[in-house]
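Novice: If you scroll down you'll find the structure; I have some questions about it.
The values are calculated or read from the model by the stated rules, or taken from the named source; none is laboratory data. As the structure is a computational prediction, the values presented were derived from the model and not from experiment. Reconstructed Cβ throughout: ideal geometry from the backbone, glycine too, with neighbour counts over all protein chains shown.
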Amino acid sequence: MNEYNFKKKVGVVNVRLDPDLKDEVEKILKPLGFNIPDVVRSFLEQIAITQGLPVEVNFNRNTDNEMILTSTLLEDLPNAETQEVMRKSKRGEDVERFDSVDEMFEDLIDENIDVFKRLADK
């Protein structure tokens with residue numbers, strides 16, 4: 001996978017938008033502390049990181065039989081680290097087995113007791 005310096009900003013992208021769409025998007029983004037270039041940059045970074053579109057894209061027809069584009073964010077897409085853990089697990093590597101759910105939770109708590117104590121103190 002390529003490595004990118006996402007803080008370096010030297011490339012320029014110009015996008016033509018419907019003025020009403022631009023105004024609507026700016027009104028939505030401003031209270032969130034974002035602007036259009038921030039969101040476009042973030043979207044492009046996600047394409048580079050995931051090596052594809054970070055959305056599921058579908059073409060459907062509306063009630064007038066016109067082609068429309070629909071999309072869904074791929075929020076559940078596992079990141080690279082999670083994918084590697086899943087591959088190892090399928091190969092049986094770094095897998096711990098338990099006789100019961102209670103035994104699993106006891107082990108989990110024992111291994112992370114310091115974290116639980118810190119959270120309880122907050």
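Novice: What tally of residues in the range 33-66 results from selecting those that are touching a residue at least 24 places away in the same chain (Cβ under 8 Å) and loosely packed, with under 11 Cβ neighbours inside 10 Å?
Specialist: 1
Novice: Ok, one more. Mind checking which pairs have a first residue in the range 86-110 that is at pLDDT 85 or above and a second that is of a type outside the set (A, V, I, L, M) and surrounded by 11 or more Cβ atoms within 10 Å (Cβ to Cβ), Cβ under 6 Å, 6 or more apart or different chains?
Specialist: What qualifies is ASP94/LYS88; VAL95/SER89; MET104/PHE98.
Novice: Looking at the range 94-104, which of the residues that are under 21 Å from THR82 (Cα atoms) and of a type outside the set (Lys, Arg) is surrounded by the most Cβ atoms within 10 Å (Cβ to Cβ)?
Specialist: Result: MET104.
Novice: Just to be sure I understand, how many residues within the range 82-101 are of a type in the set (A, V, I, L, M, F, W, C) and under 18 Å from ILE49 (Cβ atoms)?
Specialist: 2
Novice: Does the range 22-72 hold any residues that are among the acidic types (Asp, Glu) and in a helix (DSSP H, G or I), and which are they?
Specialist: Selection gives ASP23, GLU24, GLU26, ASP38, GLU45.
Novice: Restricting the search to the range 45-85, which residues are at pLDDT 75 or above and in contact with an Asp or Glu (Cβ under 7 Å, 6 or more places away or on another chain)?
Specialist: Across the range 45-85, there are no qualifying residues.
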